[in-house]
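S.K.: Before I ask anything, let me first share the structure, which is written out below as structure tokens.
Just so you know, all these numbers are worked out from the coordinates, no wet-lab data involved. These numbers were taken from a predicted model, which means no experiment stands behind them. Note: ideal-geometry Cβ built from the backbone for every residue, glycine included; neighbour counts use all protein chains shown.
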Amino acid sequence: MTDDSTNPAQRRVVGTPQIRKEGAEKVLGRAKYVDDIEFPGMWHGATVRSTIPRGRILAIHFDESVPWHEFVIVTAADIPGNNHIQMIAADQPCLADGAVNHCDEPILLIAHPDKRLLPQAVASVRIDYEELPAVLSIEESESKREIIWGADTSTPNVFKEFVLQKGNVDEAWSSAACIVEGEYSTGAQEHLYIENNGMIADYSDDGGITVWGSLQCPFYVHKSLMAVFNLPEDKVRVIQTETGGAFGGKEDYPSIIASHAALLALKARRPIKMIYDRMEDLAATTKRHPSRTRHRTAVDKDGKLLAMEIEIATDGGAYSTLSSTVLSRATLHATGPYVCPNIRIRSRAWATNTVPYGAFRGFGAPQTIFAIERHMEHIALAVGMDPVELRRRNFLHDGDTTATQQIMREPVILDQLLDRALAVSDFYAKRERYARENATNPVKCGIGIAAFYHGSGFTGSGERRLNSLAGVDVTLQGKVRVLVSSTEFGQGTNTILAQIAAEALGISYDDVEMAPSDTHLIPNSGPTVASRTSMVVGHLIQRSGRQLIQTLKEAANLSDNYTRHDFFAACELLRARDGEVKSLSRYEAPPNIYWNDDTYTGEAYPAFAWAVYVAEVAVDTITYSAEVIDFHTVQEVGTVLNPTLAAGQIEGGVAQGIGYALYEKVQLKNGHMFNNQMTNYIMPTAQDVPPIHVYFEQIPFAYGAFGAKGIGELPHDGPAPAILNAIQNATGESFSAIPLLPEDIFLRFASYGLDPENITA
Amino acid sequence: MNQFNYLHPASTDQAVSSASSDGSKFIAGGTTLVDLMKLYVENPSTLVDVNDLPLAQVESLPNGGLRVGAMVRNSDLAFHPTVKEKYAVLSEALLSGASPQLRNMATTGGNLLQRTRCPYFRDVTAGPCNKRNPGTGCSAIDGFNRTMAILGTSDHCIATHPSDMDVAMTALEALIFIEGPKGKRSVPINDFYKLPGDTPHIENVLEPGELITHVEIPPAISTKQHYLKLRDRASYEFALASAAVVARVEGGHIHSVRIAMGGVGTRPWRAHEAEAVLTGKPATPAHFQAAAEAALRGAKPHTENAFKVELAKRCVIRALKVATA
Amino acid sequence: MSDCRIQLTINGQQTSVEAPPMKRLLDVLREDLDLTGTKEGCGEGECGSCSVRMNGELVNSCMVPILQAHGAHIETVESLAIDAELHPLQKAFLECGGAQCGICTPGMLMAATHLIAHNPNPSLEQIREGLAGNLCRCTGFIKIFDSVITAAAMEGSRTHAR
């Protein structure tokens, strides 16, 4: 069913700033995060980790000063099932068995009733290794001097490779007016959710394993636990507790910590709580993939793109985890929102002896969008064209085809977004004024732009494979419950799904609540990732709601102009007939969605969110500091379901993007995060964020909930290139790597010497 | 955290006699000590709590100076009317440090004893550190040294002194008053801190059991003052370079000036050479630059922190410009 | 070192606990007094999630050994609402979207309460300064600023107290 018939003007709940469902519990301090929960007899768990990046484990020694008989100790030998974490492949051990492939790899687990004794006990386990040479960068992995993964495959050290072809790149070079080359790199980034990873597990012979924890994807954890413990579906239960931020950082990692807590619980026969402190969380859990992207682009004299050759390399870390899907999204966003007849993209995810990189808001797209949006600036310079105009000339429009030869069937309004962004930011007037003032001011101001899209939902055939199920039921207490495995971790799942249900059912927002996020009680509506919840899961809720109304009309004579009272009365009639009031819907792909995984052609995404961002910076050429002073965002995300929450997503994503560009640097020493404290891995504070202005254009998407598309990841894609473009506008200096720190700017300006007259107060 | 004895003396005399044993530490605001105990960097056997000692007063002195008790909290000192009016450089330095929460806890005496943020010092698993374990070596010299010191370093330690307050106190030539088992004494702040040399674990002249009771700041009448701090983000961040300037300018000429630098030295760094360059000279950019060059003449950068040499010069020049404007 | 007995007033109620002297105020609140509204984010005084007011001053409870809280008056997030009536700041955080994941919210609310207690009509710049010791990774701070401005304009934002 589509929503073409729905008149936005008649909506009562969708599109309004409803108060966050769980908001009152949060502001009262009553919301229960995992560390707020205690069970009688509960012990605490901790992890002994590798201190070397690669080697064989020769011996494990337990210092005699520790009363080990008081502890429970778990090694790989205690794992009842498969010693692998189930992700896309099963190559990552749950606990190292004989060999380690990265620093901080878990080797054994200990538990004790007094958590204060655990740090000393962990430090009292000494491990002898035979060290092997480690591979610590993309370049070292490419050299293949050491093969650390896939020795038996045709592409050793490569987790995944994609080759995308459109047209014929090789024939295009000769006709180019200009060929522009560039190399761009991005660093790792830590999610820095304020609540660290944490989990509680319990085991009983009757019930099997139950875990409670901070997580995004209950059924990912469920699947992993089934394999590690060799238990059937109904003997594993995963319950999400209130989750204090995730950003992708609780997509894959919770499967590991849940397995660890559950292994200890199984052996200790009592509940076990494992809560990482900040240093452990920073050192041991996933980060955004570092990347290197090379562009070679042919343009004609009018600035039209003739051919794009793109080579992408990401650092995947020691195990494959989600690297293949991150690489896929990186690849599918590498051309930016531009049309080009000839494209060749070759992308590879490389193995290194570092902590596996994982999901992080944007999922590969921020890396390649940084590259293309910096590269467009260089092309503009090469052809002597305004970078804004260059972009406009090459924008995708309705009917154009992308790199995967997907035809743009939905309206594409990039021109409109660009015009609005230029207007609200007063772009040209500011650019002119800054240029004038910069001539005499050692603080150079500049303005820069980035245009981009973000594909909503799983890539290619992903949504079909997920085959999500979601719906609503009605409780005996007269509440509608939303039944999903989609989780709330700040982004607003509870609120928008309740709004969608209320709208579809014609009842009030307060009549709807969320079913507990418990795998025993909810259907699998897929993971809470990929900007899919509003669009895909929301649409299932909308369909379920409509379906329930239809059933009530047929089975309980619900009239067309029903009241809230009529609705619940009809529900009780239905319950008397069927024993329950429940309506579930399963995913159906929109028509004309075809995808070929072999050739990587077809409909990469059912819908795209589009945006143009404008950053303004002040670069102090005396102190080398670059500060973002203003930020304008204009985006088209389909229907905005809740304006307050939607703006909050954009503002938060922009702030993270500013951190990605200018502040956040992961320093690795032998593949171990050396700066694993908040004092030396720094994110923007309240005093660092500029004003962030948020504007939406709304073009309802026929197959999203009331027209919604994805929104969550989009805002992380644009800030970094917009900021570096602004820095180029301000200083004339071009930077191609992030994070960009003061000393990087210094290296360029130092050679200019210092005129003390120019140092102003 | 390890086990320790905890004492809670009611008088300064008692505190001093309680803390004379090896392994004793005074605890005031706790913002450095508690952190380092949690990290197993500090493992005191006895903690002597000085929070109840009557050392929390700020009093004007007959000579026009100011007496600041060791237990005066950083935020109280920063907002004290006399400090705001007469010692702006101190107020600015205090407010540029840490976060509101920490400034509410941290004390004047504790700040004078603030330990370095060198990551090798703060992480017992990060490798050798002469400050933490004398004689084991310095990991920073060939390691991550972006934030390390460029002045006053030795082959044994290049850890940066982290304080902002102490830099302002140095420019104000504060006098530190100490009580110990052998009686009372006072030490000018510039003689208080030791260079690392081959004993980087000894950071100051305090003897075992000695307690800082208060600080006297001489009058700074008719001076212009400024504290400038350059750092990686706008709040809660240690200085990459900072400069405190206290200057008397008459008729466009610098009558006298005191300059101290932070973020670049192994101790709060008084730039006597720079002061000599400026004294008696017109307050012009050229002289400011000559002063900055003089201040950094002995700088010794490492692999990642060469930019701090240039950054510190520019910081000094800008601070002088603002102060004398 | 053996436990010590600490007397303190929490949210207006006198209480006493026995705890090791270096046990963090944060842990005493959460473990001994079951006041889990106060959160740990970093344990190193950086993130401000554990902010409480101690004798009227805003502090990081992860940096306060309980021995230093002897005799102190402590206010936590649990003190803000009076019976069912939310504090104006709590109302404003709800209305303006100042809370997303909620883990920084209790500390942020305490910092904002402290700010408004001292400065009933803070400017944006003063709000940014006042909240500089509290990290939020979700909101980009914008809606938190909006919340504080909105609350400051509400009746009783300063006087609302037990």
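S.K.: State, to one decimal in nm, how far the label point of A:Lys32 lies from the label point of A:Glu697, with both points 7 Å from Cα in the Cβ direction.
M.R.: That separation, rounded to one decimal, is 4.7 nm.
S.K.: What percent of all Cα-Cα pairs in chain B falls in each 20 Å bin, counting up from 0?
M.R.: Pairs per bin, as whole percents: 33, 59, 8, 0.
S.K.: Next question. Kyte-Doolittle mean at least -0.5 and Cα extent at least 20 Å along the axis: which DSSP H helices of chain B qualify?
M.R.: B:307-324
S.K.: In degrees from 0 to 90, rounded to the nearest 10, what is the angle of the helix C:105-118 Cα long axis to the longest principal axis of chain C?
M.R.: Roughly 80 degrees, rounded to the nearest 10.
S.K.: Hey, what do the phi angles of segment B:18-29 turn into as Karplus ³J(HN,Hα) couplings, whole Hz, using 6.51/-1.76/1.60 and θ = phi - 60°, x for Gly and Pro?
M.R.: Computed from phi, the couplings for segment B:18-29 are 6, 9, 7, 6, 4, x, 8, 9, 7, 10, 10, x Hz.
S.K.: Could you compute how fast segment C:88-152 diffuses translationally, taking Rh as the Kirkwood radius over C-alpha pairs and applying Stokes-Einstein at 20 °C with viscosity 1.002 mPa s? Give it in µm² per second.
M.R.: It comes out at roughly 191 µm²/s.
S.K.: Continuing with the same structure: Just need log10 I(q)/I(0) for segment B:136-196 at q = 0.13, 0.20, 0.28 Å⁻¹, Debye formula, equal scatterers on the alpha-carbon atoms, no solvent, rounded to two decimals.
M.R.: Computed log10 I(q)/I(0) values: -0.49, -0.86, -1.14.
S.K.: Over the Cα atoms of segment A:357-442, each weighted equally, I'd like the Debye log10 I(q)/I(0) at q = 0.10, 0.17, 0.23, 0.24 Å⁻¹, rounded to two decimals.
M.R.: For segment A:357-442, the Cα-only Debye profile gives -0.39, -1.00, -1.29, -1.30.
S.K.: I've got another one for you. Please enumerate, by chain and number, the lysines with C-alpha under 18 Å from the C-alpha of B:Lys321, excluding those fewer than 8 residues away in the same chain.
M.R.: B:Lys224, B:Lys229, B:Lys281, B:Lys313
S.K.: Cut-off is 10 Å between beta-carbons; in what order do A:Ile541, A:Ile727, A:Ile107 appear when sorted fewest neighbours first?
M.R.: A:Ile107, A:Ile727, A:Ile541
S.K.: Between the helical axis of C:142-152 and the dominant principal axis of chain C, each derived from Cα atoms, what acute angle in degrees is found, rounded to the nearest 10?
M.R.: Taking Cα atoms only, the helix is inclined about 90 degrees.
S.K.: Could you compute the FRET efficiency for B:Leu61 and B:Lys182, with r as their C-beta to C-beta distance and R0 at 25 Å, rounded to 0.05?
M.R.: Once the sixth-power term is evaluated, E becomes 0.50.
S.K.: Once both labels are modelled 7 Å past Cα along the beta-carbon direction, what's the A:Asn561-A:Glu183 spacing in nm?
M.R.: Between A:Asn561 and A:Glu183, the simple spin-label model gives 7.2 nm.
S.K.: So what does the Cα-only Debye profile of chain C read at q = 0.11 Å⁻¹, as log10 I(q)/I(0), no solvent term?
M.R.: Evaluating at q = 0.11 Å⁻¹ gives log10 I(q)/I(0) of -0.41.
S.K.: Residue by residue through segment A:25-40, what is 3J(HN,Hα) from phi via Karplus (6.51 cos²θ - 1.76 cosθ + 1.60, θ = phi - 60°)? Round to whole Hz and write x for glycine and proline.
M.R.: 4, 6, 6, 7, x, 9, 4, 9, 8, 4, 6, 8, 9, 10, 10, x
S.K.: Hey, another quick one. Taking the alpha carbon gyration tensor of the protein assembly as shown, what are the square roots of 5 times its eigenvalues, largest first, to the nearest whole Å?
M.R.: The three semi-axes for the protein assembly as shown are 49, 37, 31 Å.
S.K.: Could you tell me the calculated FRET efficiency between A:Asp598 and B:Lys194, based on Cβ-Cβ distance and R0 = 56 angstrom, to the nearest 0.05?
M.R.: That pair, A:Asp598 with B:Lys194, gives E of 0.20.
S.K.: Give me the distance in nm between label points sitting 7 Å out from Cα along the Cα-to-Cβ direction at B:Asp52 and A:Asp170, one decimal.
M.R.: About 8.7 nm, to one decimal.
S.K.: Which of the residue pairs A:Lys250/A:Lys665; A:Lys669/B:Lys25; A:Lys26/A:Lys250; A:Lys287/A:Lys665; A:Lys273/C:Lys39 have a Cα-Cα distance greater than 22 Å in the structure shown?
M.R.: Going by Cα-Cα distance, A:Lys669/B:Lys25 fall outside the 22 Å limit.
S.K.: Looking at the square roots a ≥ b ≥ c of the eigenvalues of the Cα gyration tensor of segment B:173-325, which shape do they give, rounded for a/c under 1.5, prolate if a/b is larger than b/c, or oblate?
M.R.: Note, shape of segment B:173-325 comes out oblate.
S.K.: Output ³J(HN,Hα) for segment C:86-102: one whole-Hz value per residue in order, computed from phi by the Karplus curve 6.51 cos²θ - 1.76 cosθ + 1.60 with θ = phi - 60°, and x for Gly and Pro.
M.R.: Per-residue couplings from phi come out as 5, 5, x, 5, 5, 4, 5, 4, 5, 5, 8, x, x, 10, 10, 5, x Hz.
S.K.: What is the fewest-to-most order of A:Tyr319, B:Tyr120 by other Cβ atoms lying within 10 Å of their Cβ?
M.R.: Listing A:Tyr319, B:Tyr120 from fewest to most nearby Cβ atoms yields A:Tyr319, B:Tyr120.
S.K.: Any idea what Rg and Dmax come out to for segment A:437-516 if you just take the C-alpha atoms, in Å?
M.R.: 21.9, 73
S.K.: Quick one: what do you get for segment A:277-329 if you divide its Cα Rg by 2.2 N^0.38 Å?
M.R.: With N residues counted in segment A:277-329, Rg over 2.2 N^0.38 Å equals 1.74.
S.K.: Normalising by the residue count of segment A:385-437, find the relative contact order in percent from Cα pairs under 8 Å and 6+ residues apart.
M.R.: 23
S.K.: Count the DSSP beta bridges whose two residues both fall in chain B, then state the antiparallel fraction as a percent rounded to the nearest 5.
M.R.: Expressed as a percentage, antiparallel bridges in chain B total about 85.
S.K.: Take the Cβ-Cβ distance between B:Gln3 and A:Glu161 as r, set R0 to 60 Å, and report the resulting FRET efficiency rounded to the nearest 0.05.
M.R.: For R0 = 60 Å, the calculated efficiency reads 0.60.
S.K.: Then there is this: For segment B:11-124, what is the convex hull volume of its Cα atoms per residue in Å³?
M.R.: Enclosed volume per residue, from the Cα hull, is 119 Å³.
S.K.: Sticking with this structure for a sec: Over chain B, what is the mean sequence separation of C-alpha contacts under 8 Å (at least six apart), divided by residue count, expressed as relative contact order in percent?
M.R.: 17
S.K.: Which of A:Tyr703, A:Tyr594 has the fewest other C-beta atoms within 10 Å, and how do the rest follow up to the most?
M.R.: Listing A:Tyr703, A:Tyr594 from fewest to most nearby Cβ atoms yields A:Tyr594, A:Tyr703.
S.K.: Once Rh for segment C:4-79 is found with the Kirkwood sum over Cα pairs, what is the Stokes-Einstein diffusion coefficient at 20 °C and 1.002 mPa s, in µm²/s?
M.R.: For the chosen part, D equals 180 µm²/s.
S.K.: Determine the gain in length on full extension of the stretch A:Glu64-A:Val443; use 0.36 nm per residue of separation and subtract their C-alpha separation, reporting nm with one decimal.
M.R.: Contour length minus the Cα-Cα distance gives 130.3 nm.
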